[in-house]
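Q: Mind looking over this structure? Questions follow.
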Amino acid sequence: MKLLQVNHYGHHIGGGEAYVAEAHSGLLESGDSALLAYLEPEVCDPLLHESLSLAQPDSSGHRERELIRSLRRLLVNYAPDVAFVHSLYSPSILEYLARALPTVAYVHSPYPVCPGSGYYLRRSGVPCTRAFGLHCVVRGQIERCCWGRNPARHAFALIKAHAFRRAYQSVSMILVGSEFMRDLLVRNGYPGRR
């Protein structure tokens, strides 16, 4: 089987990338073919030898469209049987990929369901317990949990959380590493099983 892993980063950032590398080794050991496509520009010390950047060095400013064009070329040239998505911060790229071939997504962190990406109320010092919604725009101001203090940026992050929920509806299967993450997704309108 030919598998395409997709992640935002192409080098070691944290636990998610360590998981990508482990999954990749396991796939190769089982006799499968695997390639990591990542969205950031080419890196000096890539996470995997079998990887490539979808970013174009001569970007014209329409980053997502250019990434989708690169992804389209990769799908034609590599012809994977399935995509395995990890941390992908673009709902439109996730939707494109899910329409193009069977796609499995592993949700490593709360970024798809939290406009602030952490599901944590910074000022209060406690985890958030609410599903995302309009209250996040106000709460982002009070708790400073949403990328600064600009309410327009908070509203954009909320719109993106809605777009992620729609995009993840199009994937064949969503995987999580804990009951906590499953419950968090369900609380935010994701299906309990799939």
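Q: State the percentage of accessible surface on the chain attributable to carbon and sulfur atoms; use a 1.4 Å probe and exclude ligands, DNA and RNA.
A: Working: 5580 of 9900 Å².
Roughly 56 percent of what the probe reaches on the chain is carbon or sulfur.
Q: Note down the net charge around residue 156, summing +1 for each Lys or Arg and -1 for each Asp or Glu among other residues with Cβ under 15 Å from its Cβ.
A: Details: positive: 149, 153, 160; negative: 64.
Combined, the nearby Lys, Arg, Asp and Glu give +2.
Q: Could I ask something else about it? Charges on Cβ only, +1 for Lys and Arg, -1 for Asp and Glu, centred on the Cα centroid of the chain; of 83, 8, 124, which one is farthest towards the dipole's positive end?
A: 124
Q: Still on this structure, please answer the following. Using amide H atoms built 1.01 Å from N in the peptide plane, name the residues 5+ places from residue 103, or on other chains, whose amide H lies under 5 Å from its own.
A: Hits under the 5 Å cutoff: 83, 172, 173.
Q: Just subtract the alpha-carbon distance of residue 156 and residue 2 from 0.36 nm times their residue separation and send over the number in nm, one decimal. Spell out each step's value before the answer.
A: Numbers: separation 154, 0.36 × 154 = 55.44 nm, distance 3.62 nm.
The residue 156-residue 2 span can extend by a further 51.8 nm.
Q: Taking amide hydrogens as modeled 1.01 Å from N in the peptide plane, which residues meet the under 5 Å criterion relative to residue 11, leaving out close sequence neighbours?
A: 47
Q: I've got another one for you. Here are a few candidate values for Rg and Dmax of the Cα atoms in Å: [x] 18.6, 64; [y] 15.5, 49; [z] 17.1, 52. Which one was actually calculated from the structure I just gave you?
A: Only one option fits the structure, namely [z].
Q: Find out how many positive minus negative residues lie around residue 71, taking Lys and Arg as positive, Asp and Glu as negative, among other residues whose Cβ is under 11 Å from that of residue 71.
A: Details: positive: 65, 69, 72, 73; negative: 64, 66.
Charge balance near residue 71 sits at +2.
Q: For 173, 1, 181, what's the largest-to-smallest order of accessible area, 1.4 Å probe?
A: Values: 173 80, 1 120, 181 15 Å².
So the residues, ranked largest to smallest area, are 1, 173, 181.
Q: Please compute the per residue accessible area over the chain with all protein chains in place, 1.4 Å probe, rounded to a whole number of Å². Intermediate results must be reported in sequence, preceding the final value.
A: On the way: 9900 Å² over 194 residues.
The answer is 51 Å² per residue.
Q: If a/c stays under 1.5 just call it rounded; otherwise compare a/b with b/c (prolate if a/b is bigger, oblate if not). Do that for the stretch 40-114, with a ≥ b ≥ c from the square roots of the Cα gyration tensor eigenvalues. All intermediate terms of the calculation are to be shown ahead of the outcome.
A: Numbers: a/c = 1.26, a/b = 1.17, b/c = 1.08.
Taking the square roots of the gyration eigenvalues as a ≥ b ≥ c, the stretch 40-114 is rounded.
Q: Okay, next question. Quick one: how many Å² of residue 63 are accessible to a 1.4 Å probe, rounded to 10?
A: 100
Q: Grab the Cα-Cα distance for residue 22 and residue 120, subtract it from 0.36 nm times how many residues apart they are, and report the gain in nm with one decimal.
A: Numbers: separation 98, 0.36 × 98 = 35.28 nm, distance 2.82 nm.
Full extension from residue 22 to residue 120 adds 32.5 nm.
Q: Using only Cα atoms, tell me the angle between helix 151-169 and the longest principal axis of the chain; keep it within 0 to 90° and round to the nearest 10.
A: So the inclination is approximately 50 degrees.
Q: Go through the stretch 116-129 residue by residue and turn each phi into a ³J(HN,Hα) via Karplus (6.51, -1.76, 1.60, θ = phi - 60°); whole Hz please, and just put x for glycine and proline.
A: x, 6, x, 6, 9, 8, 5, 5, 6, x, 9, x, 6, 10
Q: Based on Cβ point charges of +1 for Lys and Arg and -1 for Asp and Glu, what charge dipole magnitude is obtained for the chain about its Cα centre, in debye rounded to the nearest 20? Could you put the intermediate results ahead of the total?
A: On the way: 21 positive and 16 negative charges, 248 e Å.
I would put it at about 1200 debye.
Q: May I ask for the distance between the Cα centers of the stretch 1-56 and the stretch 122-194, given as a whole number of Å?
A: For the stretch 1-56 versus the stretch 122-194, the Cα centre distance is 26 Å.
Q: Extension gain residue 176-residue 142, at 0.36 nm per residue separation less the Cα-Cα distance, in nm? Walk me through the intermediate numbers first.
A: Details: separation 34, 0.36 × 34 = 12.24 nm, distance 3.01 nm.
Gain on stretching residue 176 to residue 142: 9.2 nm.
Q: List, in order, the whole-Hz ³J(HN,Hα) value for each residue of the stretch 6-12 obtained from phi through the Karplus relation with A = 6.51, B = -1.76, C = 1.60 and θ = phi - 60°; use x for Gly and Pro.
A: These are the phi-based 3J(HN,Hα) values: 10, 9, 5, 9, x, 9, 5 Hz.
Q: Which is the longest part of the chain that has none of the chymotrypsin sites (Phe, Trp or Tyr not before Pro) sitting in a DSSP loop with at most 16 other Cβ atoms within 10 Å? Display every interim value, and only then the final one.
A: On the way: sites that count: 89, 147.
Between the exposed loop sites, the longest stretch runs 1-88.
Q: Return the calculated 222 nm mean residue ellipticity for the chain, to the nearest 500 deg cm²/dmol, obtained by summing -39500 (n - 2.57) across DSSP H runs with n ≥ 4 and dividing by the residue count.
A: Details: 6 runs with 78 residues, N = 194.
The helix-only estimate for the chain comes to -12500 deg cm²/dmol at 222 nm.
Q: Restrict the search to the stretch 13-94; then list the GluC sites (Glu not before Pro) that DSSP places in a loop and that have at most 16 other Cβ atoms within 10 Å of their Cβ.
A: Numbers: sites: 17, 22, 29, 42, 50, 64, 66; in loops: 42, 50.
Qualifying residues, ordered by number: 42, 50.
The values are calculated or read from the model by the stated rules, or taken from the named source; none is laboratory data. Please read these numbers as outputs of a predicted model, since none were measured by experiment. Methodologically, a virtual Cβ is constructed for each residue, glycine included, from the backbone with ideal geometry; neighbour enumeration extends over all protein chains shown. All accessible areas refer to the heavy atoms of the entire protein, side chains included, with ligands and DNA or RNA removed. Shrake-Rupley method; radii C 1.70, N 1.55, O 1.52, S 1.80 Å.
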